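Quick notes on the structure that follows.
The values are calculated or read from the model by the stated rules, or taken from the named source; none is laboratory data. In this text the structure is predicted, and so the values were computed from the model without any measurement. Counting neighbours? That spans all protein chains shown, and the Cβs are built from the backbone with ideal geometry, glycine included.
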């Protein structure tokens with residue numbers, strides 16, 4: 001897909017850059033694979049706002065995506081590639097030889113009429129899904145499982161991919177998009193190729209209204225607020241004339257502090273974090 005620029009007939013259109021979706025399927029989604037999706041506006045099950053600046057989005061059906069790719073050994077043909085309003089990547093509708101249809105994340109370069117397959121007998125070809133132990137070193141994959149049989153959890157957004165770096169002792173070493181190196185069990189399933197719509201990172205919405213329809217509400221800068229915010233008060237536009245010091249949120253908590261839990265169970269599978277610039281740590285046994 002390519003990008004498209006709008007004619008500069010207004011100030012907002014002048015800076016707008018969108019993804020050209022003219023080649024995608026333009027009809028309604030396959031209704032048997034859709035379900036109603038309710039907008040919660042950043043609220044939890046108690047009705048309290050846990051994510052600020054959300055609400056007022058358009059209605060959209062949720063497309064059920066096959067993240068497990070469990071139909072092993074059955075050939076499937078790509079019927080169409082569609083836009084999915086719930087994610088940045090495009091999705092592809094597969095019709096299997098037994099007549100069943102399923103949605104998958106569409107890899108880049110996948111076209112209508114291409115054949116895909118999952119399972120240990122599948123070829124190393126874009127769109128095919130197979131265990132990591134059967135994927136050659138250096139191959140780029142996406143929709144990778146973290147735990148066998150649980151479904152894809154890694155590299156699902158537009159343009160992302162993970163590089164297989166080899167394996168040992170029942171685990172496969174992966175290079176994440178962030179630069180982190182981690183271990184995943186070799187029986188976890190991954191799909192060959194890079195996720196579709198890599199130009200998504202270059203999109204410029206151009207106007208506030210387009211972002212509002214995506215469910216985002218306005219965010220006010222702390223320096224524009226009163227003394228009740230740590231960045232507020234002072235003359236003119238403010239500027240950190242309040243409490244001063246490091247950046248804080250409206251409750252005084254430091255902003256930018258790492259929030260990852262120290263005892264997270266998956267920590268032992270990380271070989272090198274994305275922030276580390278030192279040499280590789282020694283390959284330790286984690287069994």
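Values for this structure:
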{"item": "Hits in segment 42-51 (condition: exposed (fewer than 14 other Cβ atoms within 10 Å of the Cβ) and either touching a residue at least 12 places away in the same chain (Cβ under 8 Å) or assigned to a strand (DSSP E or B) (or both))", "result": "49"}
{"item": "Flag if residue 174 is in contact (Cβ under 8 Å) with a residue 60 or more places away in the chain, surrounded by 20 or more Cβ atoms within 10 Å (Cβ to Cβ) and closer than 23 Å to residue 266 by Cα", "result": "no"}
{"item": "Residue among 157, 178 that alone is closer than 28 Å to residue 110 by Cα and touching a strand residue (DSSP E or B) at 6+ places or on another chain (Cβ under 8 Å)", "result": "157"}
{"item": "Every residue from segment 169-196 that is on the phi > 0 side of the Ramachandran plot and either more than 17 Å from the chain's Cα centre (by Cα) or modelled with pLDDT of 95 or more (or both)", "result": "169, 170, 193"}
{"item": "Identity of the residue in segment 126-147, in contact with a strand residue (DSSP E or B) (Cβ under 6 Å, 6 or more places away or on another chain) and part of a loop (DSSP other than H, G, I, E, B), that ends up farthest from residue 192 (Cα to Cα)", "result": "146"}
{"item": "Residue list for segment 11-38, restricted to those being surrounded by 13 or more Cβ atoms within 10 Å (Cβ to Cβ), without any contact (Cβ under 8 Å) to a residue 40 or more places away in the chain and assigned to a loop (DSSP other than H, G, I, E, B)", "result": "none"}
{"item": "Subset of segment 251-267 (residues that are assigned to a loop (DSSP other than H, G, I, E, B) and out of contact with any strand residue (DSSP E or B) (no Cβ under 8 Å at 6 or more places or on another chain))", "result": "251, 252, 253, 256, 257, 258, 259, 260, 261, 262, 263, 264"}
{"item": "Filtered residues of segment 175-208 (kept if more than 20 Å from residue 122 (Cα to Cα), out of contact with any helix residue (DSSP H, G or I) (no Cβ under 8 Å at 6 or more places or on another chain) and not in a loop (DSSP other than H, G, I, E, B))", "result": "175, 181, 198, 199, 200, 201, 202, 204, 208"}
